[in-house]
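The values are calculated or read from the model by the stated rules, or taken from the named source; none is laboratory data. If you're wondering where the values come from, they're calculated on a predicted model, not measured in any experiment. So basically every Cβ, Gly included, is an ideal-geometry build from the backbone, and we count neighbours across all protein chains shown.
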Amino acid sequence: WREGNRLAFLGIATPKPLALLEKRFLWLRSRAYLVTEYLPGPDIIERFAPYVESGEAPEAELQALDYLFAELIRERISHGDFKGHNLFWNTDRWALIDLDSMCQHTSLSSFAPAYARDRARFMRNWPESSALYRVIDQRLPKAVG
């Protein structure tokens with residue numbers, strides 16, 4: 001809930017949080033369920049599937065990916081589970097879902113390794129030998145700082 005609202009406040013695309021249900025025993029949370037608005041678009045794995053071998057993904061979608069990563073870096077936000085099924089194409093932007101591991105870091109020293117893990121996890125969505133992997137790898141910052 002908090003992270004979805006944080007992203008919305010910062011102008012980073014994510015589905016609007018609608019409701020949160022937490023099950024608690026005394027002060028301990030056992031389970032939590034978040035309901036968000038529906039995102040009709042495909043995730044990045046499905047959207048980029050036709051371009052894995054050619055690497056010729058639409059430039060607008062690659063630029064939107066560049067922009068998303070730049071925004072996350074600017075705000076020192078790590079996702080924590082940056083797999084392709086957690087990134088959806090919606091209204092000409094990439095929108096993040098599954099925010100339960102997201103963190104806004106207060107220092108570059110804590111953000112830099114988290115960014116490296118996010119980037120590495122994101123790149124594992126495609127074979128290293130594919131043209132799409134090489135295109136994305138060249139575009140995304142390798143490190144921050």
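Tabulated values for the structure
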| item | result |
| --- | --- |
| Selection status of V135, part of a helix (DSSP H, G or I) and among the aliphatic types (A, V, I, L, M) | yes |
| Residue check for G80: at pLDDT below 95, under 16 Å from G4 (Cα atoms) and surrounded by 13 or more Cβ atoms within 10 Å (Cβ to Cβ) | yes |
| Evaluation of S101 against (1) among the small types (G, A, S); (2) in contact with an Asp or Glu (Cβ under 7 Å, 6 or more places away or on another chain); (3) modelled with pLDDT of 95 or more; (4) surrounded by fewer than 17 Cβ atoms within 10 Å (Cβ to Cβ) (one fails), failing number | (3) |
| Flag for D118 being acidic (D, E), under 12 Å from the mean Cα position of the chain (by Cα) and not in a helix (DSSP H, G or I) | no |
| Unmet criterion (only one of (1) under 17 Å from N5 (Cβ atoms); (2) in contact with a helix residue (DSSP H, G or I) (Cβ under 8 Å, 6 or more places away or on another chain)) for H105 | (1) |
| Neighbours by Cβ (under 9 Å, 6+ apart or cross-chain): first from the range 127-142, closer than 15 Å to Y67 by Cα and modelled with pLDDT of 95 or more; second assigned to a loop (DSSP other than H, G, I, E, B) and of a type in the set (S, T, N, Q) | I136/N125 |
| Options A64, A95: the member that is small (G, A, S), surrounded by 13 or more Cβ atoms within 10 Å (Cβ to Cβ) and touching a Lys or Arg at 6+ places or on another chain (Cβ under 6 Å) | A64 |
